[in-house]
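J.: One structure, pasted below without further comment.
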Amino acid sequence: MLLAVSLLPAVAGSVEAKDPLLAYGARIVGDDARSRIVIDFDREPRFSVHYIANPERIVIDLPATAFGFPAKDLAARGLFKDIRYGKMDEESARIVLTTAGPVKLALAKVQADESGKGHRLVLDAEMIDKQAFAELVKTQSWSDQSEAAQTTSAIPAPEKTAPGDFVIAVDAGHGGIDTGAIGVDTKTEEKQVTLAFAKALTERLNKEPGIKAFLTREDDEFLSLSQRVLIARQNHAGLFISLHADTLKQKDIRGATVYTISDKASDKLAADLAERENLSDQIAGKETVAEPPEVADILLDLTRRETQAFSISLAESVLNSFKDQVGTINNPHRHAGFRVLQAPDVPSILLELGFLSNAEDEKLLLDETWRGKIVGLLTEAVKRYRAAVIANGG
Ligand SMILES: [Zn+2]
């Protein structure tokens with residue numbers, strides 16, 4: 001480490017954050033009893049390993065890393081059902097290996113390669129029994145910097161809010177290690193589409209006097225679903241708008257949909273979508289924390305019901321703006337148990353702008369002119385909603 005640092009020009013601050021490691025090659029071999037992953041780095045990576053249950057996953061935490069190898073080189077096989085890797089925040093990256101059953105890493109170490117210049121991270125996984133896996137999960141320690149990296153994350157705040165300003169949290173769906181859906185034609189990642197729309201919408205809303213919009217994430221980083229809700233609430237947002245562009249198995253379905261929260265889904269499509277969206281934390285190797293049992297609280301219940309009425313009114317305002325202007329699916333206002341919409345006191349909608357599984361929609365989602373049009377219509381919808389709330393003494 002000393003040697004590596006001394007080769008770099010003397011700059012103040014964190015060298016790693018500005019100069020991520022490069023993972024330039026990857027290989028995977030093995031069967032359903034043993035599997036080996038090898039990843040080539042340009043410098044020696046510090047790493048830590050953790051195990052998470054339900055479903056069984058191995059999490060490798062790394063400093064900021066650029067993953068430069070083709071995705072097919074690390075396609076899931078052998079013991080691994082799913083392999084994800086990517087950015088968590090400015091200082092950290094993560095590899096999440098979802099396994100077909102209980103496993104452990106019999107070997108996890110960095111070796112020099114033949115050239116002496118590269119460094120190889122070698123991970124040998126082998127099957128173990130359920131009890132041994134439970135023991136691994138129980139006895140491991142998270143008390144290293146990887147845990148700190150998970151819990152920090154500064155709360156972005158809207159710029160200069162004045163009393164009486166209408167604060168709006170604009171949430172770009174997915175991010176970092178969670179790419180979201182992938183486009184059929186161009187392989188565009190949903191996380192990029194949502195961020196581009198979120199930025200454009202925030203900028204457009206902020207041109208309106210009395211409106212202060214801000215982004216929950218400003219670049220390609222991972223935020224858990226509860227972090228998104230928390231950011232909105234801590235900034236006293238009066239609205240939360242989460243933007244998405246998912247895929248469906250039915251490739252012919254296209255158009256926008258607006259979702260609000262409910263315990264019972266309006267239909268199968270909405271239920272499936274919410275279930276997939278709610279997997280975001282799992283993809284990023286977050287522990288699935290059991291929800292605390294609902295405490296019967298009449299006041300909270302009232303707040304929730306009132307918030308839900310506002311959410312529905314916003315959803316209707318958006319669909320009114322879209323009428324004859326933007327294509328929507330049949331019954332475009334649907335509802336399901338989206339965890340990102342669960343703030344009890346912030347009216348929230350999730351807008352599916354279109355589907356990356358449909359080639360025509362994909363074209364629109366990448367079209368800047370269309371984006372501008374949508375952003376304008378959404379701003380009209382927000383203003384109409386706001387006027388109605390004020391008229392009703394809200
Ligand atoms: Zn999505």
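J.: Explain nothing, just the number: relative contact order of the chain, from Cα pairs under 8 Å at least 6 residues apart, as a whole percent.
T.: 15 percent
J.: Lysines near Lys109 by alpha-carbon distance under 20 Å, same-chain residues fewer than 8 away left out - which ones?
T.: In chain and number order, the partners are Lys117.
J.: Output ³J(HN,Hα) for segment 229-243: one whole-Hz value per residue in order, computed from phi by the Karplus curve 6.51 cos²θ - 1.76 cosθ + 1.60 with θ = phi - 60°, and x for Gly and Pro.
T.: 5, 4, 4, 5, 5, 5, 9, 6, 5, x, 8, 10, 10, 9, 9
J.: Peptides 114-127, 177-190, 338-351: what's the order by average Cβ count within 10 Å, highest mean first?
T.: 338-351, 177-190, 114-127
J.: Right, here's the next one. Report the FRET efficiency, 1/(1 + (r/R0)^6), for Leu107 and Asp19, where r is their Cβ-Cβ distance and R0 is 22 Å, rounded to 0.05.
T.: With R0 = 22 Å, the Cβ-Cβ based efficiency is 0.20.
J.: Please compute the contact order of segment 247-394 in relative form: average sequence separation of alpha-carbon pairs under 8 Å and at least six residues apart, divided by the residue count, as a percent.
T.: Computed value for segment 247-394: 44 percent relative contact order.
J.: Tally the DSSP beta bridges in the chain and give the antiparallel ones as a percent, rounded to 5.
T.: So the antiparallel bridges amount to about 70 percent of the total.
J.: Then there's this: Spelling out what I want: for every residue of segment 367-381, take phi, set θ = phi - 60°, compute 6.51 cos²θ - 1.76 cosθ + 1.60 (Karplus), and round to whole Hz; glycine and proline get x.
T.: Result, rounded to whole Hz: 8, 5, 5, 5, 4, x, 5, 4, 4, x, 5, 5, 5, 4, 4.
J.: Here's another thing I want to ask about it. Mind telling me which of Gly210, Gly354, Gly175 comes out most flexible in a GNM of the chain, alpha-carbon contacts under 10 Å?
T.: Most flexible of the set in this elastic network: Gly210.
J.: Mind telling me which of Glu135, Glu218, Glu56 comes out most flexible in a GNM of the chain, alpha-carbon contacts under 10 Å?
T.: Judging by the Gaussian network model, the answer is Glu135.
J.: Suppose a student asked you for the relative contact order of segment 17-147, using Cα pairs under 8 Å spaced at least 6 residues apart; what percent would you report?
T.: Worked out over segment 17-147, it gives 28 percent.
J.: Do any of Lys264/Lys383; Lys72/Lys187; Lys187/Lys249; Lys104/Lys138; Lys191/Lys286 go past 24 Å between their Cα atoms, and which?
T.: Violating the 24 Å limit, Cα to Cα: Lys264/Lys383.
A short reminder: the numbers here are calculations on the coordinates, not readings from a lab. On a predicted model such as this, the values are computed, not experimentally measured, just so you know. A quick note on method: Cβ atoms are made from the backbone with ideal geometry, for glycine too, and the neighbour counts reach across all protein chains shown.
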